[in-house]
Amino acid sequence: MTPRCTPPPRETNLPRSTVNSADVRDARNELGARLRALRRAAGLSGRELAAALSWPPSKISKLENGQQTPSDADVRAWTRAVDAVDETDSVLAQLHTLVTRYAELQRLLRGGQVQVQQAAGRRESGTKVFRMFESTFVPGLLQTADYARSRLAQSARVFGRRVPIEDAVSERLRRQEVLYERGRVFHVVITEPVLHYALSSPEVLLGQLDRLVTIAMLPNVRLGVIPIDRQVAIAPAHGFWVYDDDLVVVETFGAELNLSQQAEVELYTKIFDTLALDAVYDRRVRTLIAKAADAVGERLPDHPAVKLEKF
């Protein structure tokens with residue numbers, strides 16, 4: 001049985017030896033398409049295959065749509081169930097290539113943030129509408145240099161490694177030029193605790209709060225904050241970014257997850273829109289930022305009164 005041909009991986013500007021998130025996403029989608037082709041060739045529906053394997057139907061859907069990576073045992077069970085045992089070694093080889101690419105992406109995230117920032121910049125250069133939600137820290141496109149430096153240093157500490165971050169800080173700041181380009185729209189939603197979390201020194205956080213006030217004044221940026229006492233319709237479980245209507249990016253401690261299936265993008269867009277409805281904007285945002293600045297100022301040694309100039 002000959003599997004359906006799949007297009008070659010997209011070209012990128014990264015060195016050939018470097019795997020980026022698009023490589024991992026494409027490889028997972030290609031593997032899912034291969035599994036789907038084998039199932040269809042056997043004349044089985046997703047539910048019929050799930051029943052034969054004693055799996056929930058959702059697992060079949062996730063594997064075929066590239067939302068979940070199968071194990072070796074999953075692949076062997078699948079090829080047996082669709083009477084394609086002769087395809088087992090080939091599908092396993094494809095799976096192992098995916099696993100290798102994912103591991104390479106993890107090493108990239110752990111070892112050098114410069115290429116991560118560059119890859120993000122390329123993705124942003126092709127995006128017109130940005131939807132960003134963060135529940136723990138200020139999104140990278142809105143960060144000051146000092147705040148970005150603290151965040152990148154924290155990422156390095158997660159893996160117990162000392163890695164240079166100054167070039168990565170510069171790349172992150174360079175990415176922010178997209179905020180001032182015509183034709184781009186940014187809708188940013190954060191939770192109120194983001195304004196208070198001691199992810200850096202009080203001085204750095206105060207500078208970051210001042211930066212948020214400036215960013216909120218840009219005509220193409222809509223900044224919303226979900227108050228801590230707001231009863232939310234959906235729990236703000238984790239941060240994510242939606243790029244146009246094409247891609248959702250979720251960063252974990254170990255990797256960057258890219259979701260490009262239409263159903264996933266629609267789901268996260270709906271979640272973002274729901275979270276955005278629970279946020280406050282404009283003057284109420286400025287009030288929350290001023291309140292946070294007062295609280296952060298009390299952490300300073302001499303407790304001076306804090307006033308953000310742009311208020």
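Could we say that Arg286 is in contact with a helix residue (DSSP H, G or I) (Cβ under 7 Å, 6 or more places away or on another chain), among the charged types (D, E, K, R) and either outside any loop (DSSP other than H, G, I, E, B) or not assigned by TED's automatic domain parsing to the domain that holds Gln68 (or both) here?
Values: in contact with a helix residue (DSSP H, G or I) (Cβ under 7 Å, 6 or more places away or on another chain): yes; among the charged types (D, E, K, R): yes; either outside any loop (DSSP other than H, G, I, E, B) or not assigned by TED's automatic domain parsing to the domain that holds Gln68 (or both): yes.
For Arg286, the condition - in contact with a helix residue (DSSP H, G or I) (Cβ under 7 Å, 6 or more places away or on another chain), among the charged types (D, E, K, R) and either outside any loop (DSSP other than H, G, I, E, B) or not assigned by TED's automatic domain parsing to the domain that holds Gln68 (or both) - is met.
Which of the helices (runs of 4 or more DSSP H) found entirely inside the stretch 20-79 contain at least 1 residues meeting this: touching a residue at least 60 places away in the same chain (Cβ under 8 Å) and touching an Asp or Glu at 6+ places or on another chain (Cβ under 9 Å)?
On the way: elements: 21-41, 46-53, 57-64.
Those helices (runs of 4 or more DSSP H) span 21-41.
Quick test for you: out of Ala153, Ala168, pick the one residue that is in the same structural domain as Asp278 (by TED's automatic domain parsing), without any contact (Cβ under 8 Å) to a residue 24 or more places away in the chain and under 20 Å from the mean Cα position of the chain (by Cα).
Numbers: Ala168 fails: without any contact (Cβ under 8 Å) to a residue 24 or more places away in the chain.
Answer to the check: Ala153.
Select, from Leu209, Leu223, Leu218, the only residue that is assigned to a helix (DSSP H, G or I) and at pLDDT 95 or above.
Values: Leu223 fails: assigned to a helix (DSSP H, G or I); Leu218 fails: assigned to a helix (DSSP H, G or I).
Just one listed residue meets the conditions, Leu209.
For the stretch 140-158, does any single residue satisfy the condition of being out of contact with any helix residue (DSSP H, G or I) (no Cβ under 7 Å at 6 or more places or on another chain) and closer than 30 Å to Asp229 by Cβ?
Yes, that holds for at least one residue.
Would you pick out the residues in the stretch 187-207 that are polar (S, T, N, Q) and closer than 19 Å to Trp241 by Cβ?
So in the stretch 187-207, the residues polar (S, T, N, Q) come out as 191, 200-201.
Thr191, the sole residue that qualifies.
Only one residue in Leu257, Leu267 is in a strand (DSSP E or B) and surrounded by fewer than 20 Cβ atoms within 10 Å (Cβ to Cβ). Which one?
Numbers: Leu267 fails: in a strand (DSSP E or B).
One residue alone meets the criteria, Leu257.
Does Ser135 qualify as being in the same structural domain as Ala237 (by TED's automatic domain parsing), modelled with pLDDT under 95 and either over 30 Å from Asp72 (Cα atoms) or surrounded by fewer than 18 Cβ atoms within 10 Å (Cβ to Cβ) (or both)? Quick ask: steps written out before the conclusion?
Details: in the same structural domain as Ala237 (by TED's automatic domain parsing): yes; modelled with pLDDT under 95: no; either over 30 Å from Asp72 (Cα atoms) or surrounded by fewer than 18 Cβ atoms within 10 Å (Cβ to Cβ) (or both): yes.
Criteria not met by Ser135.
The values are calculated or read from the model by the stated rules, or taken from the named source; none is laboratory data. Source: prediction; values computed, not measured. Glycine also receives a Cβ, built like all others from the backbone with ideal geometry; neighbour counts cover every protein chain displayed.
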